[in-house]
Amino acid sequence: MDLFTPVKLGALELRNRIVMAPMTRSRCDVDGMPTAVMVDYYRQRASAGMIVSEGIAPCADGLGYCRTPGIYNAAQIDAWRAITDAVHAEGGCMVAQIMHVGRVANALNKPAGSETLAPSAIRARGEIYTDQQGMQPFDEPRALALAEIAAVVEDYRQATVNAFAAGFDGVELHCTSGYLPAQFLCTGSNQRTDRYGGSTENRARFVLEVLEAMAGVDGSGRVGMRICPDNPFNDVADADPQETFDYLLQAVQSLDLAYLHAMRYPRGRVDNIALGQRYMGDRLIGNESYGFEEAQKAVAAGELMAVSFGRNFIANPDLVERWQGGLALAAFDLATMYTPGAQGYSSYPRANT
Ligand SMILES: Cc1cc2nc3c(=O)[nH]c(=O)nc-3n(C[C@H](O)[C@H](O)[C@H](O)COP(=O)(O)O)c2cc1C
């Protein structure tokens, strides 16, 4: 068994265990519309065992970065359909990463009429890029009223319905990097005094309700979850991430999800891979700074079912074939990571062209 061995994760069938990690690349039009260059980009990478899309907002309030996608209206669903059709035509498998940024936003990056919402009215420290005015502070969020939380859960459910309508094979809940689910989980960003804040059980409630809603659409076998406990990205901090995630994953176990996508964070207080192995070892995808050799070893030893790669896919659309053939990898250009258009995006050639 190695990275080239097919694997089934829930209802998802991967032809190899080299997964493309979700990567925001800011190639959309305004108002969250996917573009034609994105069709090329994802098609070129379809030999991955599974592609996890860049983070996609379930609702307009969920957008926070410039030129990032949504999946909450008919035009967006149609545009995503062109992408999933292209990936499927190449025999690939693709899941949509559902990402609600919560307070990690600036109004300049958001559609008119949308709001920056969070569990509590606590602004994240730091800045975010805007096309109009360069780096800007994060918005001061408005705390969600108790009665509004069900509507946000419903946004995730509807986004899941929309993702299947757009032809995705599954959906992944983005539950890390300081976005809305992480804002609920962490004590620093969640100071609610109702049943969504305070105790571990209360702070985990939002994530569990969202996962149940997503799994209710077409079964849990097409729903995955991405975690990175104790990752302070975007200014989140939890008093006891081990306890929070032990509780959360214990509860998630009974949902029988397709997979758990765990990112390592060696400077954190939790061994995130060991945590994933303890609760969902038979469906664990590992990530963060894996190279080919280390990933091969982890899969061969049965420690991981698959490994996802982010940066290696940027300049190597044929990453799977390169590793299969023992070919060298190309380096990517940092300057075009988030710039509009094909350059530094769908412009990277295959090794054999
Ligand atoms: C340009 C870029 C954009 C990213 N966007 C996302 C994202 O939208 N969602 C997410 O969960 N992770 C995102 N990540 C993190 C990657 O999925 C991955 O965890 C990270 O690159 C580490 O994996 P690697 O060492 O194989 O690159 C992004 C990373 C990069 C480099």
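The values are calculated or read from the model by the stated rules, or taken from the named source; none is laboratory data. What you see is a predicted model, and the numbers here were worked out from it, not measured in a lab. Note: ideal-geometry Cβ built from the backbone for every residue, glycine included; neighbour counts use all protein chains shown.
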For the stretch 226-235 the number of residues that are without any contact (Cβ under 8 Å) to a residue 60 or more places away in the chain and away from the ligand (no atom under 11 Å from the Cβ) is 3
(message) Condition check: under 23 Å from residue 223 (Cβ atoms) and crowded, with 23+ Cβ neighbours inside 10 Å. Does residue 105 satisfy that?
(response) no
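Does the stretch 163-175 contain at least one residue that is touching a residue at least 24 places away in the same chain (Cβ under 8 Å), assigned to a helix (DSSP H, G or I) and within 20 Å of residue 233 (Cα to Cα)? Give the steps one after another, and end with the answer.
Narrowing the stretch 163-175 to residues touching a residue at least 24 places away in the same chain (Cβ under 8 Å): 163-175.
Then keep just the ones that are assigned to a helix (DSSP H, G or I); that gives 163-165.
Subset that is within 20 Å of residue 233 (Cα to Cα): none.
No, the stretch 163-175 contains no residue that is touching a residue at least 24 places away in the same chain (Cβ under 8 Å), assigned to a helix (DSSP H, G or I) and within 20 Å of residue 233 (Cα to Cα).
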Exercise. Answer yes or no: is there a residue in the stretch 318-338 that is at pLDDT 95 or above, within 16 Å of residue 2 (Cα to Cα) and hydroxyl-bearing (Ser, Thr, Tyr).
Key: no
Of those in the stretch 32-53 that are farther than 22 Å from residue 285 by Cα and of a type in the set (Val, Ile, Thr), the residue farthest from the ligand (Cβ to nearest atom) is 39
For the stretch 240-253, check the following and say yes or no: at least one residue is within 17 Å of residue 119 (Cβ to Cβ) and in contact with a Gly (Cβ under 8 Å, 6 or more places away or on another chain).
yes
Among residues of the stretch 321-344 being touching a Lys or Arg at 6+ places or on another chain (Cβ under 9 Å) and closer than 18 Å to residue 90 by Cβ, the residue surrounded by the fewest Cβ atoms within 10 Å (Cβ to Cβ) is 321
Considering the stretch 293-303, residues that are away from the ligand (no atom under 13 Å from the Cβ) and in contact (Cβ under 8 Å) with a residue 24 or more places away in the chain, and then whichever is surrounded by the most Cβ atoms within 10 Å (Cβ to Cβ), we arrive at 299
### Message
Is it the case, given these coordinates, that residue 235 is closer than 29 Å to residue 167 by Cα and surrounded by fewer than 22 Cβ atoms within 10 Å (Cβ to Cβ)?
### Response
no
Counting only residues in the stretch 4-31 that are within 12 Å of the ligand (Cβ to nearest atom) and charged (D, E, K, R), the one nearest to the chain's Cα centre (by Cα) is identified as 25
| request: Report whether or not residue 56 is within 15 Å of the ligand (Cβ to nearest atom), crowded, with 23+ Cβ neighbours inside 10 Å, more than 25 Å from residue 334 (Cα to Cα) and at pLDDT 95 or above. | output: no
Might you let me know whether the stretch 130-148 holds any residue that is within 16 Å of the ligand (Cβ to nearest atom) and either outside any helix (DSSP H, G or I) or surrounded by 24 or more Cβ atoms within 10 Å (Cβ to Cβ) (or both)? no
- prompt: What do you reckon, is residue 241 under 20 Å from the mean Cα position of the chain (by Cα), in contact (Cβ under 8 Å) with a residue 24 or more places away in the chain and closer than 25 Å to residue 126 by Cα?
  reply: yes
